[in-house]
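K.L.:
Before we start, here is the structure in question, set down as structure tokens.
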Amino acid sequence: MTLHVNTTDLRGQDFLTLADLSPGQLRCLLDRASQLKALQANGQPHQLLAGLSLAMLFEKASLRTRTTFMVGMSQLGGFAVDLMNEHTQIGVRESIPDIARNLERWVDALMARVYAHRTLEELAAWADIPVINGLSDLTHPCQALADVLTMREHRGGLAGRKLAYVGDGFNVCNSLLFAGALAGMHVRVAAPEGYEPDEDILERAQEIADDAGGGIEIGNDPQAAVRDAEVVYTDAWVSMGLEHEAAERREIFAPFRVDDCMMALADSDAIFMHCLPAHRGEEVTDAVLDGPRSVVFDQAENRLHTQKALLVAIMRGDAAFDELGA
Ligand code: CP
Ligand code: NVA
């Protein structure tokens, strides 16, 4: 379902990229996520999706995305079905339009992790139910939702804060640019030459940053990017699907490893973030990943809470949250 309604209510909308959200919608989702997180922590039921179902399609491996969507649906009183790809064989056993037109008859939303972002767009175009991006070669918006909630929990208000991303300008970086821009942050990216974020993504992130009062800087010097940063973020050098480039990438990205020396250049209270899975000794050292500044498992936990807020928002809309009371 490709439906872009000019309202703050996300009911019925796809979630393919954070660039479709307004700063207010992002803030609202984060507030809802915090509310659901508190209810879960206090053992208070919040079964806002009773009787509703989510299908999950994975072309690639996953620990966090699979588990958090499944558990999230269960905590909300709904049901998630994992369409294991060996059975679905998207585009091989059955075409994308046919898969979409079957699923829309049975479930209320679809979450898909795919290689080509185009696959998500086709699913969304053919399915008359909301489609959620669970990671593509272009973006990872569910991850960025959890990331900004985690930053907000650890650093308070985000507007004006300095976020440094060091490493591959790929899917996680792209969504972080959108999220940071929407939150009015100053985002600095340092990637090796030729591995900077996509031009179209940068253009859109810059527009969002201009509107929200933030900033975007792209360069190739990791030390310059992390200097005084309040958040330091990195991701794998060899993303899923790029394994054939592993040897070359390990050499090119070596100066971008986040270690104690790099963290020493950041703000004295800087936090370290990573979407996980981490490749210890490659993009980050054990000392940083397991050190006192690392908030990576808080990020992983927040995948659950932010996605629950997203699922309620797109499957039922704002009105559903009224059932929770004040
Ligand atoms: N960060 C993330 O998306 O993790 P998974 O690949 O395990 O889902
Ligand atoms: N950039 C990584 C993120 C994994 C969550 C990948 O695409 O493999």
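K.L.:
What number, in nm² with one decimal, is the all-direction average of the projected area of the convex hull of the alpha-carbon atoms of segment 271-326? Don't jump to the answer; show the numbers that get you there.
P.N.:
Values: hull surface 21.3 nm².
The directionally averaged projection comes out at 5.3 nm².
K.L.:
Same structure, new question: For Lys37, go through the lysines and keep the ones whose alpha-carbon is under 24 Å away, minus same-chain ones fewer than eight residues off.
P.N.:
Lys308
K.L.:
Have a look at Ile216, Cys142, Leu52 and report the one farthest towards the positive end of the charge dipole of the chain, computed about the Cα centre with Cβ charges (Lys/Arg +1, Asp/Glu -1).
P.N.:
Value: Leu52.
K.L.:
For segment 173-270, which GluC sites (Glu not before Pro) are in a loop by DSSP, counting at most 11 other Cβ atoms within 10 Å?
P.N.:
Glu193
K.L.:
Need one word for segment 170-310: rounded, prolate or oblate. Basis is the Cα gyration tensor (sqrt eigenvalues a ≥ b ≥ c); a/c below 1.5 gives rounded, then a/b vs b/c decides.
P.N.:
It comes out rounded by the Cα gyration axes.
K.L.:
Give me the orientation-averaged projected area of the Cα convex hull of segment 1-109, in nm², one decimal.
P.N.:
On the way: hull surface 31.8 nm².
So the Cα hull casts an average projection of 7.9 nm².
K.L.:
Determine the calculated [θ] at 222 nm for the chain from helices alone, applying -39500 (n - 2.57) to every DSSP H run no shorter than 4 residues and normalising by the residue count; nearest 500 deg cm²/dmol. Display every interim value, and only then the final one.
P.N.:
Working: 14 runs with 144 residues, N = 326.
The helix contribution divided over the chain gives -13000 deg cm²/dmol.
K.L.:
Quick check on segment 190-235: what are the equivalent-ellipsoid semi-axes from the Cα gyration tensor, as sqrt(5λ), descending, whole Å?
P.N.:
Whole-Å semi-axes of the equivalent ellipsoid: 19, 15, 8.
K.L.:
Let me ask something else about it. As I understand it, the value is the acute angle between the Cα axis of helix 171-182 and the longest principal axis of the Cα atoms of the chain; what does it come to in degrees, rounded to 10?
P.N.:
Helix 171-182 and the main axis of the chain meet at about 90 degrees.
K.L.:
Past the 30 angstrom mark, what percentage of all C-alpha to C-alpha distances in the chain do you count?
P.N.:
Of all Cα-Cα distances in the chain, 31 percent exceed 30 Å.
K.L.:
Related question: About its Cα centre, how strong a charge dipole does segment 1-120 have in debye, to the nearest 20, once Lys and Arg get +1 and Asp and Glu get -1 at the Cβ? Mind dumping the intermediate values first?
P.N.:
Values: 12 positive and 11 negative charges, 54 e Å.
Once rounded to the nearest 20, the dipole reads 260 debye.
K.L.:
Is there a quick way to get the dipole size of the chain? I mean about its Cα centre, with the Cβ of Lys and Arg at +1 and of Asp and Glu at -1; what is the value in debye to the nearest 20?
P.N.:
Working: 27 positive and 49 negative charges, 211 e Å.
The calculation lands at about 1020 debye.
K.L.:
Using Cα centres only, tell me the gap between segment 242-295 and segment 69-136 in whole Å.
P.N.:
32
K.L.:
What Kirkwood Rh does segment 229-297 have if only Cα atoms enter the pairwise 1/r average? Answer in Å.
P.N.:
By the Kirkwood definition, the hydrodynamic radius is 12.4 Å.
K.L.:
Using alpha carbon coordinates only, what is the Rg to Rh ratio of segment 88-127, with Rh defined as the Kirkwood radius?
P.N.:
0.92
K.L.:
Using a Gaussian network for the chain with springs between C-alpha atoms less than 10 Å apart, which of these wobbles most: Met315, Met111, Met262?
P.N.:
Of the options given, Met262 has the highest mean-square fluctuation.
K.L.:
Same structure again: Give, in whole angstrom and from largest to smallest, the semi-axes √(5λ) of the equivalent ellipsoid of segment 153-211, with λ running over the eigenvalues of the Cα gyration tensor. Don't skip to the answer; put the middle values down first.
P.N.:
Details: eigenvalues 76, 36, 14 Å².
For segment 153-211, the ellipsoid semi-axes come out as 19, 13, 8 Å.
Laboratory data are not the source of any read-out in this text; all were calculated from the coordinates shown. Keep in mind it's a predicted model, so treat the numbers as computed, not measured. When we count neighbours, we look across all protein chains shown, and the Cβ atoms used for this are built from the backbone with ideal geometry, even at glycine.
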